[in-house]
Amino acid sequence: MFKARLSTALALTFATSLVAAQDMNKLPDGETTKYKDYSAWLVGPTAIYGHAALGDSIEAEGFVIERNGTQYSFRLPADQVYEDRRVRLTDIDGDGSPEALIVRANLALGASLALYTIRDGTIELMAENEAIGRRNRWLNPVGIADFSGSGEPLIAAVVTPHLTGSLRFFRIEGKRLVNLGGIDGVTNHINGSRDLDLSRIADLDGDGSAEIVLPSLERTRLLAISFEQGHTTIEKQWDVPSPIERLGVISGGKIQMELRNGQNLTVAL
C-alpha cells in the first residue's frame, strides 16, 4: 500500500513538474524584448481563445522578466490570455526599473491593456483599462511617450484596428489606465499579420511632444497625428497609390513604406 501511494505521489509530482515546465515554454512566434539589463518574453502557449488576429490561434498564459539570471514570472487566470507577441519594457515611473505593457484578452470581453511592475521580487499588476467588452475584439499598442508635451508619459493604442480603428491615449491614474480620447479611422495592424509595427513615434516638429505616424483605416493615406492639450489633430497626411503593407523606421525626417502593389515609397515628414 505504501509503495502504491509512493508511486502515485511520484507520478503526481512528475506530472506537476511537467506541466510547470510546459507553462514556461516560450510563445512560438513571440519576441524577446530588452531594457538595460532586463529581458522579457511571453510563455505558456495556449489555444483556448482562438481569435487568430496575429496569424494563428496560439496565445500566451504568462510572461517572464529576467535580470542577471534571476527570473520573475506571472501567469494569468484561466479566463484570460495575452493576445500579443511581445512584452513592452519601459521605465514609466522613473524608478530605474522597467514596467511591462502587454495586450491581455478576456475570453468573454476581449482585449485590454495591462501594465505590470516588479515589486519586492514579484510581478504585480500596476494598472489596467477596461476590456473592449466583446470576445474577439483586439487592440494594438502604439507605444509610450510624452504625447502631450507635459512631460507625462501616456500610452497610445489603436482599439479595434480592423474595425473602427480608434487611436486612444491613456493616462495612469492609480490602478486605472484612463482613456483621454483620440481619433477614429486609423490602423496600425493588418488582420492576421504578425507585424505589430504599422505605426511610428517621433517628435516631428521638435516641440518636445511626440507625434504618431500611421495609416488611415483603409491604409491609402499616411497620417501624422498629435495629441496636445487634450486635442487630437491630423497634422499632415499623404495619399498613397496602394494600401500600406509595412512601415520602415523614421530616419532623417523621412519614412519608407512598402505598398501592396510592391512599390516602396518614401515621404518626408
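The values are calculated or read from the model by the stated rules, or taken from the named source; none is laboratory data. Computed from a predicted model, the values in this text were never measured in an experiment. Cβ sites come from the backbone with ideal geometry, for glycine too, and all protein chains shown count toward neighbours. All accessible areas refer to the heavy atoms of the entire protein, side chains included, with ligands and DNA or RNA removed. Shrake-Rupley method; radii C 1.70, N 1.55, O 1.52, S 1.80 Å.
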Is it the case, given these coordinates, that VAL249 is modelled with pLDDT of 95 or more and part of a strand (DSSP E or B)? no
Could you tell me whether the stretch 59-70 includes any residue that is part of a strand (DSSP E or B), touching an Asp or Glu at 6+ places or on another chain (Cβ under 6 Å) and not aliphatic (A, V, I, L, M)? yes
Against the conditions (1) buried (at least 17 other Cβ atoms within 10 Å of the Cβ); (2) part of a strand (DSSP E or B); (3) among the small types (Gly, Ala, Ser), where does SER209 fall short? Just the number, please. (2)
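For every residue, the table says whether it meets (1) within 18 Å of PRO77 (Cα to Cα); (2) in contact with a Lys or Arg (Cβ under 6 Å, 6 or more places away or on another chain); (3) without any contact (Cβ under 8 Å) to a residue 24 or more places away in the chain; (4) open to solvent by 10 Å² or more (accessible area, probe 1.4 Å).
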residue: ASP95; (1), (2), (3), (4): no, no, yes, yes
residue: SER112; (1), (2), (3), (4): yes, yes, no, no
residue: LEU115; (1), (2), (3), (4): yes, no, no, no
residue: ALA127; (1), (2), (3), (4): yes, yes, no, no
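Only one of GLY185, GLY192, GLY174, GLY206 is under 19 Å from TRP138 (Cα atoms) and free of Cβ contacts under 8 Å to residues at least 60 places away in the same chain. Can you tell me which?
Details: GLY192 fails: free of Cβ contacts under 8 Å to residues at least 60 places away in the same chain; GLY174 fails: under 19 Å from TRP138 (Cα atoms); GLY206 fails: under 19 Å from TRP138 (Cα atoms).
Result of the check over GLY185, GLY192, GLY174, GLY206: GLY185.
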For the stretch 139-194, give me the residue count where each residue is assigned to a strand (DSSP E or B), closer than 23 Å to ASP56 by Cβ and open to solvent by 40 Å² or more (accessible area, probe 1.4 Å). 0
Single unsatisfied condition, LEU204 versus (1) open to solvent by less than 30 Å² (accessible area, probe 1.4 Å); (2) farther than 24 Å from GLU31 by Cα; (3) not small (Gly, Ala, Ser): (1)
